[in-house]
Every structure is written in C-alpha cells, then in structure tokens.
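Working notes for the structure below.
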Amino acid sequence: MGWNSWNTFGPKVTEADVRGTADFFVEHGLRDLGYHYLVIDDFWEADQRVDGRLTWNPETFPGGIPALADYLHERGLKLGIYSCCGTHTCGGKPGSYRYEEIDARTFAEWGVDYLKYDGCFHPPGADMKQSYRRMGQALRNSGRDIVYSLCNWGLGDVWTWGGQVGGHLWRTTGDIQDNWNSIVKIGFRAQKELAPYAAPGRWNDPDMLVVGMRGKGNAEVIHGHEGQGCTDDEYRSHFALWCLLAAPLMIGCDVRRMDEVAAGILSNRALIAVNQDPLGIQATCIGAHRNVEAWAKPLADGSIAAGLFNLGPGPQKTAPLAWETLGLPETTACCVTELFTGEVRGRWTRCYSSGEIPSHGCEVLRIVPQPA
Ligand code: GLA
C-alpha cells in the first residue's frame, strides 16, 4: 500500500510533491491505515549518469534522494524509486541495463525501500527475463530489504516467472487510465485467469489506483487534454475490485486535493482489511447474471468477501448469490454486512439477495458463517 507519482504528476514530479504527500499521509491518517510506500516514478533522474552512477535531477529534486529518504523514514514512511531494465527509461532517462549491480547498490546507499522496474528500451534480442533476474539478484546483493516491483505490462506471462526472478509484484497489463473502460479492461477482464499466480509475497499488479483523480491526471500533462475521470460509483467499484484481488493499493491522485468521497473510499478500513487479509488469496469471478459479475475470495477468519458489480448501463437487481457458488453448505446461516455503508443486511441461509445496484456500482459483502 502506498502512493505513486505517475498517474497525476507524470514527468512533472518534484521533491516538493513527494514531501507534501508524505506530510499529508501523516496528518490525515493514510500512513496509519497502512499506506507506507511513496514511490517516485520516472523523471526523477538526471539526463546523464555521473561517474557511472545514476543521479537525480538537481532542479526538481534539489535536496537529493538520500535526504528525501530520511524525510520519509523519520515519518514512518518508505521511499520507492523507479528505473528500467532497458538502456533508457520509458521517459528517455538513463536505464539500468548492464548497470544492475551499481544501481542496486546506489539505491541501497540512498535508503530506497522499493524499486519499480520498467520494461522500455530493452535491447532487441536480449532476454528480458534474464534482465529482470539480474536486477533481482543485484537487489538481494545490495544488503538492503528492497521490494521489487516488475513493470513489463504482462509480457511473456510475467505472472508465471516474476517470482522466480525475485519479484514481489508484477504489472499484468498496460497503463491504467482514469476512465471506466480502462477499469473494466484492466480489472474485470485481464485479472480473470490470474488468481492462481498470486500469493503472499508475490502479487499480480493491475496498476495504480485512479480513485480521486477526477480527470486531472498525467494524460493532461502529457497529451494536453483533461479527461472526464470516473463517477463516485465507478471509483467505488474500482477500489472494491482491487481490494478483492489482493492487488497492491497504490494511490495515484494528488491526495492534497482529493475530495471527501475519494478520501472516504481510500480510507475504508473494512475494505482495506479484505485487501490485506493474511491468506492473500486473489478473488475469482464466480458468476455473472445479466451485466452483474460476482467476485469472491475466502478470508483468514473463515468468512468470505464478495463483490456484486454492475457493469451495465442501467441500475439492476441481480440473481441471488448462492452459498453453493461460495463453497458454503446451503444450510449455513451467515451474517452479511455491506462494506461501503457498514450496514448489516441480516442473517441469510442458502443465498443472499442484493438490492438494486446502480450502473457501474457495486455491493461489497462480508459473509460470516454463524455457529450452528
Ligand atoms: C510506463 C509504465 C508507467 C510509468 C511510465 C513512466 O509506461 O507502465 O507505469 O512508469 O512508463 O515513463
């Protein structure tokens, strides 16, 4: 759990943004909810290496990365940084190809706790898996505990080998955008077959959260236009699905400017608990009726988290969610609570019947079997 600069700040990220975000995390309780990693994405780097080493852009990061790491550590937060397995980063800055050992050592010396490692400008013909493996080894050799986040957009079915090369999480798709179609494509569609590959310490990553961006993302910075963003219901469904998927929760909006609705979604303790559940199981789609998909996963205490997501254009009721599809005996009485509202929906046997679900909205349930 944490934050990443890319979705909102893109190439314009500065040290002041990272410090300001850290201050906000501490003052407004995001740190205490578990959001610990602040990751500076591409464009922190200077245009050239100095004495063979990566260094920061002195104009946008005047205090330097080590001082920034200290600033975060003093506040109980962790620093993430970005590089690329190719000769250049996606933004054209120096990449780590064949500099893996020295770069990993440099990051460790600076006090970096997390590396997002991208896949641009990889030399044609070279084996990308080997390049990711070299950085994995270099991070282990660095003597510092550094989370290794692979970002090759799912190429070569990275979920089948990301863990073997030392990765703790791996991007499974291209970049998310702040609109509903993107959430459907990256979340509901692309994750359907991936549950078997997730487990504690090795996670599928469907990319960062767009909750709260409201169309003010880097699409504007890069392409010069402002998007529409998502509706409240769409942001709710996005967050709920990522929680059920046991996906990394990396906030992508400018938290200093987010509205109350977005803050409420990102701070929902019941959903965060589903995301952070110690079993670390990624939800699967257990059924669909009309436009409503049901996703569910078992939790460590014997209860089940389930989401009913209306992907259709209008409000809808859906077929009852049958205990059979959840692997529960029909006769089990369960207490059902909706996690966005906190409403207890009562005791149910055999199945649960939802209310009407708004277009692109959801009900997220914790289904707790009661002792007989
Ligand atoms: C790629 C990644 C993004 C971001 C940019 C930075 O597109 O997928 O998440 O890191 O590069 O240039």
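Here are the numbers for this structure:
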{"item": "Matching residues in region 30-56 - criterion: being away from the ligand (no atom under 16 Å from the Cβ), open to solvent by less than 50 Å² (accessible area, probe 1.4 Å), in contact (Cβ under 8 Å) with a residue 40 or more places away in the chain and not basic (Lys, Arg)", "result": "Leu30, Leu33, Gly34, Tyr35, Gly52"}
{"item": "Number of the condition not met by Glu260 [criteria: (1) acidic (Asp, Glu); (2) open to solvent by 60 Å² or more (accessible area, probe 1.4 Å); (3) not assigned by TED's automatic domain parsing to the domain that holds Leu77]", "result": "(3)"}
{"item": "Test result for Ser96, out of contact with any Leu (no Cβ under 7 Å at 6 or more places or on another chain), in contact (Cβ under 8 Å) with a residue 40 or more places away in the chain and in the same structural domain as Trp44 (by TED's automatic domain parsing)", "result": "yes"}
{"item": "Among the candidates Asp42, Asp32, Asp47, residue that is modelled with pLDDT of 95 or more and over 22 Å from the mean Cα position of the chain (by Cα)", "result": "Asp47"}
{"item": "Counted residues, region 309-333 - those being of a type outside the set (S, T, N, Q), open to solvent by 10 Å² or more (accessible area, probe 1.4 Å), without any contact (Cβ under 8 Å) to a residue 60 or more places away in the chain and more than 15 Å from Val368 (Cβ to Cβ)", "result": "9"}
{"item": "Test result for Val210, open to solvent by less than 20 Å² (accessible area, probe 1.4 Å) and either small (Gly, Ala, Ser) or out of contact with any Gly (no Cβ under 6 Å at 6 or more places or on another chain) (or both)", "result": "no"}
{"item": "Test set (1) within 16 Å of the ligand (Cβ to nearest atom); (2) under 30 Å from Asp259 (Cα atoms); (3) open to solvent by less than 60 Å² (accessible area, probe 1.4 Å) - Gly167 fails condition number", "result": "(2)"}
{"item": "Boolean, Asp233 is in contact with a Pro (Cβ under 9 Å, 6 or more places away or on another chain) and free of Cβ contacts under 8 Å to residues at least 40 places away in the same chain", "result": "no"}
{"item": "Scope region 142-158; condition surrounded by 13 or more Cβ atoms within 10 Å (Cβ to Cβ) and away from the ligand (no atom under 16 Å from the Cβ); matching residues", "result": "Ser142, Arg144, Ile146"}
{"item": "Looking only at region 3-26, and only at residues there that are surrounded by 20 or more Cβ atoms within 10 Å (Cβ to Cβ), within 20 Å of Gly174 (Cα to Cα) and touching a residue at least 40 places away in the same chain (Cβ under 8 Å), the one that is nearest to the ligand (Cβ to nearest atom)", "result": "Trp6"}
{"item": "So Pro66, is it open to solvent by 40 Å² or more (accessible area, probe 1.4 Å) and within 22 Å of Tyr148 (Cβ to Cβ)", "result": "yes"}
{"item": "The one condition in (1) closer than 16 Å to Cys85 by Cα; (2) within 16 Å of the ligand (Cβ to nearest atom); (3) open to solvent by 10 Å² or more (accessible area, probe 1.4 Å) that Lys185 fails to fulfil", "result": "(1)"}
{"item": "Given (1) open to solvent by 70 Å² or more (accessible area, probe 1.4 Å); (2) within 16 Å of the ligand (Cβ to nearest atom), index of the condition Glu193 fails", "result": "(2)"}
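For (1) among the hydroxyl-bearing types (Ser, Thr, Tyr); (2) away from the ligand (no atom under 16 Å from the Cβ), each residue gets a yes or a no:
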residue: His28; (1), (2): no, yes
residue: Pro62; (1), (2): no, yes
residue: Ile65; (1), (2): no, yes
residue: Gly80; (1), (2): no, no
residue: Thr89; (1), (2): yes, no
residue: Ser96; (1), (2): yes, no
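The values are calculated or read from the model by the stated rules, or taken from the named source; none is laboratory data. In this text, all values refer to a predicted model and were calculated from it rather than measured experimentally. Neighbour counts are summed over all protein chains in view; Cβ atoms, including those assigned to glycine, are modelled from backbone coordinates with ideal geometry. Heads up: the accessible areas ignore ligands, DNA and RNA and are worked out on the full protein's heavy atoms, side chains in. Shrake-Rupley method; radii C 1.70, N 1.55, O 1.52, S 1.80 Å.
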